[in-house]
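Comments concern the structure below.
Nothing in this text is a laboratory measurement; each read-out follows from the coordinates by a stated rule. Treat the numbers as computed from the prediction; the structure is a model and nothing was measured. Counting neighbours? That spans all protein chains shown, and the Cβs are built from the backbone with ideal geometry, glycine included.
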């Protein structure tokens, strides 16, 4: 059992290190840090998209304003042309009236669209202002939580180093093949070794065959639980 005794001690040290590391990873300050970080990334992406959208709307308004000015100029020209047109030349008068009506309709449509675009821009700029305010606040919160988490890491640094040193010390006593198998199982199980208690696997509580329990106790072979895949260990 000496091979598994060393591995068991290794697991105890390993789990103690994991416990502290997980406490730091799951601390309130770190969770808040991750939450705000995600919020900032999402908001920055939305902000960029909205700014591009606002820029396109502004460009559209510029073009429409220029088009509106052209229509007004043309409308004035048509008014002057109509006043100078000979009333006897009905064809010319009708042509002027038709274009006059057309330009007048275009002016109405452009004015209506311009009004709608300006309202849209106001709405977008209002949202952008709110979003920038939220981002500014989130950045301050991020800096505060980062400072808190850094203090937690600093306070636990010595203990982490001590636990890590303990893991490495015991690791030297563990059979290389066993350690490799341990690490493979740990990808799916936090504790790769399961203590046999009352003829049951301490990992999944499945009842084990009496013969297997006896063989594990003898320590001549390495057995894994058929249900959960953990290495079975009997503590004498």
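Pick out which of 34, 48, 163 has the largest mean-square fluctuation in a Gaussian network model of the chain, springs linking Cα atoms closer than 10 Å.
Per the Cα network of the chain with a 10 Å cutoff, 48 tops the list.
With a 10 Å cut-off between alpha carbons and a GNM built on the chain, which of 51, 218, 173 moves the most?
218
Could I have the simple spin-label model distance between residue 151 and residue 5, label points 7 Å from Cα toward Cβ, reported in nm to one decimal?
Spacing of the two 7 Å Cα→Cβ label points: 4.6 nm.
Defining a contact as two alpha carbons under 8 Å apart and six or more residues distant in sequence, what relative contact order in percent does the chain show?
29 percent
Based on C-alpha coordinates, I'd like the Rg and Dmax of the stretch 13-173, in Å.
33.7, 116
How far, in degrees from 0 to 90, does helix 28-84 lean away from the longest principal axis of the Cα atoms of the chain, to the nearest 10?
For 28-84 against the chain, the angle is about 10 degrees.
Expressed as an acute angle from 0 to 90° and rounded to the nearest 10, what is the orientation of the C-alpha long axis of helix 90-171 relative to the principal long axis of the chain?
20 degrees
At R0 = 41 Å, how high is the FRET efficiency between residue 136 and residue 72 if r is their beta carbon distance? Nearest 0.05 is fine.
Calculated value: 0.45.
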